[in-house]
Amino acid sequence: MGEPKRHRVLMVSDFFYPNFGGVENHIYYLSQCLLKLGHKVVVMTHAYGNRSGVRYMTGGLKVYYVPWKPFLMQNTLPTFYGTLPIIRTILIREKISLVHGHQAFSTLCHEALMHARTMGYKVVFTDHSLYGFADVGSIHMNKVLQFTLADVSQAICVSHTSKENTVLRSGLPPEKVFVIPNAVDTAMFKPATERPSGNEIVIVVISRLVYRKGADLLVEVIPEVCRIYPNVRFIVGGDGPKRVRLEEMREKHSLQDRVEMLGAVPHARVRSVLISGHIFLNSSLTEAFCIAILEAASCGLLTVSTRVGGVPEVLPDDMIVLAEPDPSDMVQAIKKAISILPKIDPQAMHNRMKKLYNWHDVAKRTEIVYDRALKCSNQSLLERLSRYLSCGAWAGKLFCLVMIIGFLLWRLLQLWQPAEDIEVVPDILLPHDEDREILHDFKSSNEEHSLR
């Protein structure tokens with residue numbers, strides 16, 4: 001057998017470091033593991049503050065912070081064609097063979113996939129979220145997703161529920177969609193050497209305090225649990241518009257000594273917060289996967305979570321207690337968790353997580369998707385336009401017009417700046433220590449300064 005094919009991948013998303021979140025972590029860890037497998041990986045995102053230009057991260061990961069400022073919720077302003085010249089330049093400079101976009105919310109992701117297909121590149125899309133079908137925002141986003149995925153080579157979802165949701169929203173053939181779950185850095189998220197002692201039970205919440213994450217449920221659940229169990233204390237990490245409601249709840253029920261509000265928690269401090277507790281509480285109203293549950297379980301915490309989206313797929317039944325997104329049902333779930341808490345062995349739970357979730361396994365499975373994407377046949381513009389026409393009576397014609405204009409602009413760019421005039425950058429290959437985990441290196445460095 002010959003040498004395995006070395007891919008040259010451009011990861012694109014509006015969400016990347018120094019911002020922290022599930023998508024940002026996924027892109028970083030996946031990129032590091034793909035680098036270790038011998039592939040070339042380059043990340044493209046928008047500028048963060050004064051952080052623009054080219055930066056290098058751990059393992060030689062190259063990041064292009066293009067000079068576009070975020071417009072709303074870390075998303076760049078949609079321009080359709082404004083990003084075409086810089087995306088084309090990066091693709092040629094880095095000799096990219098495949099473009100991998102992340103997150104349906106990301107404007108930059110949609111534009112990069114559109115331009116990459118115009119230029120004949122194979123593209124892969126990973127969906128990290130669930131969306132509805134009835135509200136105005138979801139209807140709009142679903143139509144945008146239908147446009148982007150009409151010509152995508154392959155797609156990845158993080159759970160089977162997410163796959164079903166994406167297929168229904170986009171009309172993508174199910175055989176083109178693969179399920180590859182997220183993973184957790186078990187080298188970083190380890191249990192404490194000793195569990196918190198005493199009769200006190202600490203319940204930890206780390207989440208953005210917004211409606212979608214169920215902050216309103218917490219306002220009703222916390223006082224009831226504190227009333228039933230005098231020895232229970234809550235630690236709430238996170239910030240957001242719903243923090244005011246939690247502060248008001250704490251004042252109203254005089255729980256200042258039993259509900260600790262930490263505010264925004266840097267990713268480097270998440271483990272230290274988790275290991276101070278016994279139970280992790282997730283109250284999300286919608287989740288495609290939820291990496292926070294993996295991090296908590298890896299630290300040896302028993303999880304109580306709402307039964308929504310892909311959450312039931314994440315952990316075995318003996319490691320999680322599920323409840324409907326209803327205050328009374330969540331209180332009952334917490335009661336059940338407290339009753340089985342003495343049977344929980346944090347170290348045994350951590351060892352199981354090491355076997356269940358591994359970023360190197362995620363990278364190898366993603367590698368297979370890349371191989372399949374590159375085997376997809378090349379299609380002419382007319383063949384591709386037929387796919388967009390099927391997106392709707394009016395929307396299909398509009399999508400075709402957008403793609404035709406993009407194709408003409410790309411041809412003009414080829415005349416104005418031929419590919420031969422764009423300097424190709426040399427590859428920088430850094431030696432890897434095979435006996436040391438890449439993610440352990442990331443842990444030992446200060447995440448907030450790793451890009452400086």
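Of all the residues in segment 220-231, those that are open to solvent by less than 20 Å² (accessible area, probe 1.4 Å) and either among the aliphatic types (A, V, I, L, M) or under 30 Å from SER138 (Cβ atoms) (or both) number 3. With the structure loaded, tell me whether LEU168 is open to solvent by 60 Å² or more (accessible area, probe 1.4 Å), more than 19 Å from the chain's Cα centre (by Cα) and of a type in the set (A, V, I, L, M, F, W, C) or whether it fails that test. Criteria met by LEU168. As for segment 125-133, it holds no residue that is within 23 Å of TYR17 (Cβ to Cβ), charged (D, E, K, R), assigned to a helix (DSSP H, G or I) and open to solvent by less than 30 Å² (accessible area, probe 1.4 Å).
Taken over segment 175-208, the criterion of being more than 21 Å from the chain's Cα centre (by Cα) and not in a loop (DSSP other than H, G, I, E, B) is satisfied by GLU175, ILE201, VAL202, ILE203, VAL204.
Across segment 1-24, the qualifying residues are those that are open to solvent by 30 Å² or more (accessible area, probe 1.4 Å) and over 30 Å from LYS213 (Cα atoms), and the one among them that is modelled with the highest pLDDT is ARG8. Hey, could you check segment 232-257 for residues that are open to solvent by 60 Å² or more (accessible area, probe 1.4 Å) and outside any helix (DSSP H, G or I) and say which is farthest from SER276 (Cα to Cα)? Out of the qualifying residues, it is PRO241.
The selection criterion, being open to solvent by 10 Å² or more (accessible area, probe 1.4 Å), part of a helix (DSSP H, G or I) and among the β-branched types (Val, Ile, Thr), holds for THR161.
Give the residues of segment 347-386 that are within 30 Å of LEU302 (Cβ to Cβ) and touching a Ser or Thr at 6+ places or on another chain (Cβ under 6 Å), sorted by residue number. HIS350, MET353, LYS354, listed by residue number.
Of the residues in segment 92-112, at least one is open to solvent by less than 10 Å² (accessible area, probe 1.4 Å), part of a loop (DSSP other than H, G, I, E, B) and modelled with pLDDT under 90.
So for segment 288-300 (the condition being polar (S, T, N, Q) and surrounded by 19 or more Cβ atoms within 10 Å (Cβ to Cβ)), does at least one residue qualify? Within segment 288-300 (the criterion being polar (S, T, N, Q) and surrounded by 19 or more Cβ atoms within 10 Å (Cβ to Cβ)), the answer is yes, since at least one residue qualifies. Helices (runs of 4 or more DSSP H) fully within segment 350-416 that include at least 3 residues being farther than 30 Å from LYS5 by Cα and at pLDDT 95 or above: 395-416. Quick check on ARG212: is it in a loop (DSSP other than H, G, I, E, B), of a type in the set (Lys, Arg) and either closer than 27 Å to ASN19 by Cα or modelled with pLDDT of 95 or more (or both)? No, not satisfied. The lone criterion from (1) modelled with pLDDT of 95 or more; (2) open to solvent by less than 20 Å² (accessible area, probe 1.4 Å) left unmet by LEU149 is number (1). Listed by first and then second residue, the pairs linking a residue in segment 106-128 that is under 19 Å from ALA47 (Cβ atoms) to a residue that is part of a strand (DSSP E or B) and open to solvent by 10 Å² or more (accessible area, probe 1.4 Å), with Cβ atoms under 7 Å apart and 6 or more places separating them unless they lie on different chains, are SER106/ASN75; THR107/ASN75.
For first residues located in segment 194-211 and over 17 Å from ILE334 (Cβ atoms), partners that are at pLDDT 90 or above and open to solvent by 80 Å² or more (accessible area, probe 1.4 Å) and lie 6+ apart or on another chain with Cβ distances below 8 Å form the pairs LEU209/PRO241; VAL210/PRO241. Beta carbons closer than 7 Å, at least 6 apart along the sequence or on distinct chains, never pair a first residue in segment 340-358 that is more than 19 Å from ALA183 (Cβ to Cβ) with a second that is of a type in the set (Ser, Thr, Tyr).
Whether any residue in segment 203-215 is open to solvent by 40 Å² or more (accessible area, probe 1.4 Å), out of contact with any His (no Cβ under 8 Å at 6 or more places or on another chain), over 25 Å from ASP239 (Cα atoms) and not acidic (Asp, Glu) is what I want to check. Among the residues of segment 203-215, not one is open to solvent by 40 Å² or more (accessible area, probe 1.4 Å), out of contact with any His (no Cβ under 8 Å at 6 or more places or on another chain), over 25 Å from ASP239 (Cα atoms) and not acidic (Asp, Glu), which makes the answer no.
The set of residues in segment 276-292 being at pLDDT 95 or above and either of a type in the set (A, V, I, L, M) or in a helix (DSSP H, G or I) (or both) consists of ILE279, LEU281. Given the criteria closer than 28 Å to ARG352 by Cβ, over 21 Å from the mean Cα position of the chain (by Cα) and among the aromatic types (Phe, Trp, Tyr), does PHE234 qualify? The answer is yes for PHE234.
Filter segment 254-309 for residues that are farther than 20 Å from VAL221 by Cα and in contact with a Gly (Cβ under 8 Å, 6 or more places away or on another chain) and give the result. Within segment 254-309, ALA264, VAL265, VAL270, VAL273, ILE275, ALA288, PHE289, CYS290, ILE291 qualify.
Among the residues of segment 55-84, those identified as hydrophobic (A, V, I, L, M, F, W, C) and at positive phi are MET73, PHE80. When segment 304-342 is filtered for residues that are assigned to a loop (DSSP other than H, G, I, E, B), of a type in the set (Gly, Ala, Ser) and open to solvent by 10 Å² or more (accessible area, probe 1.4 Å), only GLY309 remains.
Could you check segment 173-191 and list, in sequence order, the residues that are open to solvent by 10 Å² or more (accessible area, probe 1.4 Å), touching a helix residue (DSSP H, G or I) at 6+ places or on another chain (Cβ under 9 Å) and without any contact (Cβ under 8 Å) to a residue 60 or more places away in the chain? PRO173, PRO174, LYS176, VAL179, listed by residue number.
The values are calculated or read from the model by the stated rules, or taken from the named source; none is laboratory data. Bear in mind the structure is a predicted one, so any value in this text is a computation, not a measurement. Counting neighbours? That spans all protein chains shown, and the Cβs are built from the backbone with ideal geometry, glycine included. Note: areas computed on protein heavy atoms with side chains; ligands, DNA, RNA excluded. Shrake-Rupley method; radii C 1.70, N 1.55, O 1.52, S 1.80 Å.
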